[in-house]
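For reference, the structure discussed in these notes is given below.
The values are calculated or read from the model by the stated rules, or taken from the named source; none is laboratory data. These figures come from a predicted structure and were not determined experimentally. Cβ placement follows ideal geometry from the backbone for every residue including glycine, while neighbour counts extend to all protein chains displayed. Each accessible area value is taken on the protein alone, full model and side chains, heavy atoms only, with ligands, DNA and RNA left out. Shrake-Rupley method; radii C 1.70, N 1.55, O 1.52, S 1.80 Å.
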Amino acid sequence: MALDSDNFSTLTTSFSSLVGSEQAVWLESQLQLLRDSLRPGQKSLADWQGGQMAVSAVPGAGKSHSLSVAAAIAIARNQLYGRRQLVVVTYTRSAAASIKSKIRDRLKDLYLPPGGFVVHTLHGLALNIANSQQELSGLNLDEVTIVVPNVGHRIIKGLVEKWIATHPRRYQVLLEGMQFDGEETERLRRQSVLRTEVLPNLAHTVVREAKSSGLLPGDLWELSQQATDEYQILAIAAGLYEEYQQLMRSRNLIDYDDMILAALQVLEYEPMRQLWQDKVFAVFEDEAQDSSPLQERLISILANNSLDSDTPPNLVRVGDPNQAINSTFTPADPIYFNWFCKSCEQQGNLATMDRAGRSSEAIVKAANFMLEWVNQNWNKGTKQAAMQAENLLTLPFRQQAIRIVDPNDPQPEANPPSEGRGLEIYTPKDIYQTVELIGKRVIQLLSEHPERNAAILVRENRQGRFLAEQLIYLQREHQIGVYEVSEVERHSQIPEEMLKLLQFIDRPHSPDNLKAALEVLEQRGLIAAQDLNALATYPEQFLYPTPLHPQPKPQVEQARRYCCNLLRARLELPHYQLISFLGMALKYTGSELATVQKLADRVNQQISGNSSLKTTINALEEIVSSERFEGVEEDNDDRYTRAGQLTIITMHKAKGLDWDYVFIPFLHDDVLPGQPWIPTAARFLGDFTLAEVARAQIRAVVHSRYVDGKIPIELPQPALAWQEAGQLKQAEEFRLLYVAMTRAKRLLWMSAAQMGPFRWNTFRHDSATNLQQKKPCPVLPALVRKFSQAAIAKF
């Protein structure tokens with residue numbers, strides 16, 4: 001329930017009468033001052049008095065600040081210094097530390113003790129609950145290890161092999177695909193694709209999607225009975241999920257969703273549920289747009305501290321569904337928070353933080369126009385468009401415009417004046433001229449204002465590496481630091497890359513090991529992109545061709561030479577030097593080499609007294625599977641926004657940050673919004689991918705259950721499910737662009753070169769001929785038509 005200013009004064013006056021002291025009168029005045037320092041939308045959060053409340057915020061609205069103020073007011077108002085506490089939940093450790101510090105600062109200003117609240121990541125909260133009653137949760141943290149298996153993880157590989165062995169008929173149906181002539185080479189190629197790509201991707205997607213939605217393998221088996229597709233994709237998914245659960249249990253491993261499920265198991269026992277609810281006064285959730293149904297269920301149970309089932313929980317959820325950019329690779333879906341907002345709106349408990357002081361007025365207008373244009377043109381001319389016009393929750397964006405703040409806003413330099421035109425849109429002739437234009441503009445801007453900062457936001461890490469290599473002269477010639485964030489992010493991949501290459505060196509005739517090594521070389525840009533399955537099918541023939549074999553293509557010969565050089569190193573170097581050598585062979589940068597050296601020292605220490613290539617591989621397997629290794633990097637986000645620095649960072653990583661000048665190049669239609677991609681090697685299964693079809697079918701079930709508690713009568717067929725997957729991807733790509741645009745404070749620079757690479761993952765920038773005509777992202781021409789003064793002539 002929200003209060004207006006008069007009601008707030010009445011509430012604090014009654015609080016003063018209750019306590020009856022001069023200190024309470026002073027506290028009342030300070031609470032009023034604290035509330036008055038907030039913007040209109042923020043005040044609604046501070047005025048919360050109990051029950052459910054949704055707060056939908058725009059970028060730069062000050063969610064964290066207002067959440068900390070609201071928390072301090074709630075602690076003071078309700079005298080939370082005893083057994084009950086306010087629980088604040090967010091999704092990253094850095095965000096949790098930041099909010100905790102801000103709440104303590106507010107309480108310190110009020111001369112109140114720094115208690116009455118706790119701040120947790122959601123998984124940290126779940127772990128506390130699960131660990132409080134190990135008999136109920138089934139978790140013993142002394143015996144289990146937390147892992148986050150990726151597609152190439154040994155757990156995923158192991159469950160795929162077990163599923164193939166126990167489900168030969170289903171595997172044979174997949175092997176035959178749409179059609180099959182029985183040719184042996186094609187059979188071997190398909191087997192490789194299924195075992196190393198299709199089934200691992202399906203398992204990885206389904207486990208995360210189903211488990212985070214509260215679905216167990218038995219639930220998927222039941223749902224698969226309704227499916228009528230030829231492959232029985234959900235039945236395959238259920239089998240893979242079942243093998244995953246068994247394999248994880250047998251090795252004493254858990255994932256993060258297991259922590260949530262274990263916490264819910266504890267809370268299912270009524271005495272323990274009551275015990276925990278008695279400790280919790282209310283739950284405040286930040287970044288609620290990234291919450292899954294399972295996570296929402298956990299915090300709702302904790303916040304429901306009344307014996308009356310009709311009394312709503314003391315639950316405040318703050319988020320921005322227009323900044324939901326994780327739904328295509330995590331189970332998060334903005335529709336859940338949108339539904340929560342709709343429910344609260346019907347009860348009169350929806351607040352909107354729509355005033356933001358981050359960006360100049362020109363940038364705000366561009367972001368608002370982009371949002372409105374995408375919604376208006378979503379599926380234009382189709383049947384879906386008519387349905388979506390009636391149900392606004394299915395559109396890519398929530399209808400929520402950013403408003404500039406009032407002139408007397410306390411934020412320093414709120415809505416700063418624009419630099420130049422504020423919005424600049426370029427159409428360079430190619431990607432090289434794009435870099436040239438960015439370099440000149442950065443030199444001009446940061447030379448005039450060295451106290452400011454700039455960033456280039458990219459869609460892919462390969463774009464970032466290309467830009468960093470082309471702009472390296474800025475530091476040397478103009479003393480402008482260039483910081484490539486993706487270089488640091490790649491550190492987390494180093495142990496796995498070392499493991500794959502050492503496994504290949506140890507057993508080079510294994511097709512799996514050869515393909516894994518080739519994938520590392522390809523991802524690092526050392527060999528050309530090509531059909532790796534064809535190379536890995538017959539390792540001996542690839543590595544040691546005879547004069548009787550046809551002359552290999554240049555890209556195949558290049559890959560062979562790299563692999564043979566790796567094998568030669570085993571003969572010429574002692575095993576304890578191989579990790580350092582591989583770092584050099586992969587052309588790691590200085591900071592990456594520091595991570596490699598740290599890794600080599602760690603491994604050599606671990607295998608001391610029993611040193612061999614086998615024990616080195618075993619130690620790396622343990623490091624990769626437990627994911628305890630951290631690369632050499634700094635600890636806070638300040639390194640991304642230093643004055644006088646040009647930061648190169650992905651759009652995803654940029655969320656939550658801002659810069660004076662933001663450059664967004666390479667905005668092409670095939671990348672943003674793009675289309676779901678079907679790997680050429682897997683097209684024998686049809687015009688879709690099994691993983692995305694399964695994801696769409698599971699979401700159809702979860703959405704239906706979430707709204708009315710029912711299972712849909714029919715699951716979407718693969719063709720329709722694939723179409724829905726495409727819409728999900730495109731909607732998220734547009735939201736990602738919106739996030740990128742709203743990082744800018746004074747200047748937003750956007751471009752789409754006329755010539756660019758076919759795909760960045762196949763692009764080798766040492767050859768300028770590897771370019772083709774490109775279409776711009778459809779948002780750019782629309783922006784040019786609306787803001788003609790922003791368009792810079794074509795070059």
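Results, tabulated for the structure shown:
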quantity: For region 176-244: rounded, prolate or oblate by the Cα gyration tensor [a/c cutoff 1.5]; calculated: oblate
quantity: Lys/Arg +1, Asp/Glu -1 at C-beta; the chain dipole; positive extreme among 293, 643, 180; calculated: 643
quantity: Summed side-chain charge close to residue 662 - residues other than residue 662 whose Cβ falls under 10 Å, Lys, Arg +1, Asp, Glu -1; calculated: +1
quantity: Size of electric dipole in the chain: Cβ of Lys, Arg +1 and of Asp, Glu -1, about Cα centre, debye, nearest 20; calculated: 1320
quantity: Where the chain is the region considered: accessible area per residue in Å², 1.4 Å probe; calculated: 43
quantity: Region 494-574, Rg to Rh (Cα coordinates; Rh as Kirkwood inverse mean 1/r); calculated: 0.94
quantity: DSSP beta bridges in the chain [antiparallel fraction, %, rounded to 5]; calculated: 5
quantity: For peptides 570-578, 41-49, sequence by mean Cβ density within 10 Å, most packed first; calculated: 41-49, 570-578
quantity: Percent accessible area from carbon and sulfur atoms, region 471-615, protein chains only, probe 1.4 Å; calculated: 53
quantity: Tilt relative to the chain, helix 431-448 - C-alpha long axis, 0 to 90 degrees, to 10; calculated: 40
quantity: Options 191, 542, 128, ranked by Cα towards positive dipole end of the chain, top entry (Cβ charges); calculated: 542
quantity: Column: log10 I(q)/I(0), Debye, Cα scatterers of region 539-584, q = 0.23, 0.25, 0.27, 0.31 Å⁻¹; calculated: -0.82, -0.89, -0.96, -1.12
quantity: Rounded, prolate or oblate (a/c below 1.5 giving rounded, otherwise prolate when a/b exceeds b/c) for region 242-345 by Cα gyration tensor; calculated: oblate
quantity: Pairs beyond 21 Å (Cα-Cα), from 365/786; 342/653; 100/211; 653/745; 211/500; calculated: 342/653; 100/211; 211/500
quantity: Dipole of region 17-105, positive end: most advanced residue of 49, 71, 33 [Cβ charges, Cα centre]; calculated: 71
quantity: For peptides 597-604, 742-749, 278-285, sequence by mean Cβ density within 10 Å, most packed first; calculated: 742-749, 278-285, 597-604
quantity: Charge context of residue 345, other residues only, Cβ under 15 angstrom, K/R +1, D/E -1; calculated: +2
quantity: Within the accessible area of region 181-244 (1.4 Å probe), percent carbon and sulfur; calculated: 45
quantity: Value of relative contact order over region 209-296, rounded to a whole percent, pairs C-alpha under 8 Å and six or more apart; calculated: 36
quantity: Bins of 10 Å, starting at 0 and running to the largest distance - Cα pair percent for the chain; calculated: 2, 12, 20, 25, 22, 13, 4, 1, 0, 0
quantity: Degrees, to the nearest 10: 361-376 long Cα axis against longest axis of the chain; calculated: 70
quantity: Computed [θ] at 222 nm, deg cm²/dmol, the chain (DSSP H ≥ 4; -39,500 (n - 2.57); rounded to nearest 500); calculated: -16000 deg cm²/dmol
quantity: Average Cα contact separation per residue, the chain, under 8 Å, 6 or more apart, as relative contact order %; calculated: 18
quantity: Globularity ratio of region 100-230, using Cα Rg and 2.2 N^0.38 Å; calculated: 1.66
quantity: Rh by Kirkwood over Cα pairs, then Stokes-Einstein D for region 28-177 at 0.890 mPa s and 25 °C, µm²/s; calculated: 127
quantity: Accessible area (Å², 1.4 Å probe, nearest 10) - residue 432; calculated: 50
